[in-house]
Each structure stands twice: as structure tokens, then as C-alpha cells.
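Colleague: Let me give you the structure first, and then I'll get to my questions.
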Amino acid sequence: MRQRFLNIAMVALVAAIATGCTHNNGDIGRWFGLWRVVSITVNGSNNGNYTGNIFFAFQSTTFEQKKVNDDHGVAQMIGEWREDGDALIITFPYDRYYPIDGYMIGGGEENRLTVSGGSDNKHLQLSLITPAGSTVVYSLEKY
């Protein structure tokens, strides 16, 4: 009987630990989870090369940018994020991680994206001014 109680207690402990990590011991609000980049526009024109295969993921202060290839292989890059008023600041602080979308910059420099839309917390737009002066708009949908 004692062994059965210990087994049940151990299962309950593992379940509590596993579910406790879901929000990294703190809810980060609307950003938590996986967002699909539905479209990318550059200076008002759709990026004709974009096929809807980039995802943004947010957890705690970690940002992940992943691209799903035609063969279902995944390229993923890790950065950091934080909010600053109506802006989202994304950095890729380590040289081995760099933005895979071709618009954000790496090397630890800040990418300041202006947040708009999202009154339903399922659809957002992020606007970025690149170092070359182009305006890039990511349209996101909660996945």
C-alpha cells in the first residue's frame, strides 16, 4: 500500500512539474505561444517569395523564429524579446543565431517592431524599419 501511494505521489509530482513549465512560472500575456507569419510586405508590396512558412514563438524572454521547409525540415533561430510600450524589441545576441527572414538584423542589435492591430489577440501586425530604410510589415496569426 505504501509503495502504491509513493507511485501516485511521484506521478502527481512529475505532472505538476511538467505543467508548471508551460508558462515558465509566469504568464506573459498575449505573446505566449506560436504565431504564424501569414504575410510579409515590404514598402507596401507583398513579398512574392514568401510562402507562409515562418513562425514566431514567444516564451518568457525567449524568441524563436522558425522556417518550415518544403521537405518538412525546420530551420530555427533563437533570440530574446521584450515589450517597450507599443513596440516589441527582438535581438539575436549570439553569432550562431541570426534572423532567417532576411529583414531583421542579428549580432545583438535591436530590432524594434511596432505592434498594431490585435484587438482580438489572435491577429497582429509588426512593422519594422530596416537599416536600409525599408518598411517591413509582418502579419501574424495565433497558431
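Colleague: What does the convex hull of the Cα atoms come to per residue for the range 27-142, in Å³?
Modeller: 104 Å³
Colleague: Continuing with this model, one more query. Specify whether the C-alpha gyration tensor of the range 42-85 places it in the rounded, prolate or oblate class, a ≥ b ≥ c being the square roots of the eigenvalues: rounded for a/c under 1.5, otherwise prolate if a/b is larger than b/c and oblate if not.
Modeller: oblate
Colleague: Taking only C-alpha pairs under 8 Å that are 6+ residues apart, what is the relative contact order of the range 27-142 in percent?
Modeller: Taking the mean separation of contacting Cα pairs over the length of the range 27-142, I get 23 percent.
Colleague: Something else now. Give me the one-decimal nm value for the distance between modelled label points at residue 95 and residue 139, 7 Å along each residue's Cα-to-Cβ direction.
Modeller: Each label point is offset 7 Å from its Cα along the Cβ direction, giving 3.9 nm.
Colleague: Calculate the spin-label point distance for residue 43 paired with residue 116, positioning each point 7 Å from the Cα along the beta-carbon direction, and give it in nanometres.
Modeller: 1.8 nm
Colleague: Note the full-extension length gain between residue 130 and residue 74 as 0.36 nm times their separation in residues minus their Cα-Cα distance, in nm to one decimal.
Modeller: Contour length minus the Cα-Cα distance gives 17.6 nm.
Colleague: Net charge within 14 Å of residue 123 by Cβ-Cβ distance, Lys/Arg positive one each and Asp/Glu negative one each, not counting residue 123 itself?
Modeller: Residues close to residue 123 contribute a combined charge of +2.
Quick note: the coordinates plus some simple rules give every number you see, no bench work behind them. None of the values given here were measured: they were computed from a predicted structure. Cβ sites come from the backbone with ideal geometry, for glycine too, and all protein chains shown count toward neighbours.
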